[in-house]
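As structure tokens, the structure follows; a few thoughts come after it.
The values are calculated or read from the model by the stated rules, or taken from the named source; none is laboratory data. Quick caveat, the model's predicted, so the values are computed rather than measured. We place every Cβ from the backbone using ideal geometry, glycine too, and count neighbours over all the protein chains shown.
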Amino acid sequence: MTTGDVSANRSRTGAVALIVFVITIDQLTKFYFHTQFAYLERVNVLPFFDWILTYNTGAAFSFLARAGGWQRWFFIALAAVVSVWCFRWIGRETDRRVRLALALIVGGAIGNVIDRIWLGKVIDFVLLYWTPWDFYYPAFNVADSAITLGAALMIWSAIFVKKT
């Protein structure tokens, strides 16, 4: 085994640990809200933040939510393909930031796929809003947050990190 093989295995092991962590936290929080809240029940936490139980049959911002059901399998397949591609990329990537970003994306994608397989929809429970402007951000969850953070980190790395 070469030094490169050991390094790739170590980086993949760390990524797998993060992926499992994201999936675990995502599923535990979703299970809590799914079992402890009634549909659309809201609990105010801060003047701009509520807990709420809602479901999304579509993708981000409820894209294709009313598409008739085929989108469930499309999003499952899409997330599976993206997850496999990202996971293979993790093993070859030398930049820790990119590996971290990819692991966050994979963990979030798998977390939402579990919901789609189990329920046919994704559980969302975080609601951010600003009432003076009547602004409500679509409800989201831990998996969505991980995907967003991973994508932002990928963009940041692509734009601002100097490649050596």
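General observations
- Filter result for Thr54 (at pLDDT 95 or above and surrounded by 13 or more Cβ atoms within 10 Å (Cβ to Cβ)): yes
- Condition check for Gln71: modelled with pLDDT of 95 or more, touching a Gly at 6+ places or on another chain (Cβ under 9 Å), surrounded by 12 or more Cβ atoms within 10 Å (Cβ to Cβ) and not in a strand (DSSP E or B): no
- The residue that is farthest from Phe49 (Cα to Cα), among those in region 126-163 that are in contact with a Leu (Cβ under 6 Å, 6 or more places away or on another chain) and surrounded by 14 or more Cβ atoms within 10 Å (Cβ to Cβ), is Gly150.
- If only residues of region 30-43 that are touching a residue at least 40 places away in the same chain (Cβ under 8 Å) and surrounded by fewer than 18 Cβ atoms within 10 Å (Cβ to Cβ) are counted, the one that is nearest to the chain's Cα centre (by Cα) is His34.
- Only listed residue being under 16 Å from Leu18 (Cβ atoms) and over 13 Å from the mean Cα position of the chain (by Cα), chosen from Asp95, Asp134: Asp95
- Selection status of Phe21, at pLDDT 95 or above, out of contact with any Cys (no Cβ under 9 Å at 6 or more places or on another chain), buried (at least 16 other Cβ atoms within 10 Å of the Cβ) and assigned to a helix (DSSP H, G or I): no
- The single condition among (1) of a type outside the set (Asp, Glu); (2) over 22 Å from Pro138 (Cα atoms); (3) modelled with pLDDT of 90 or more that Gly91 does not satisfy is (3).
- Whichever residue in region 105-164 is charged (D, E, K, R) and outside any strand (DSSP E or B) and, among such residues, is modelled with the lowest pLDDT: Lys163
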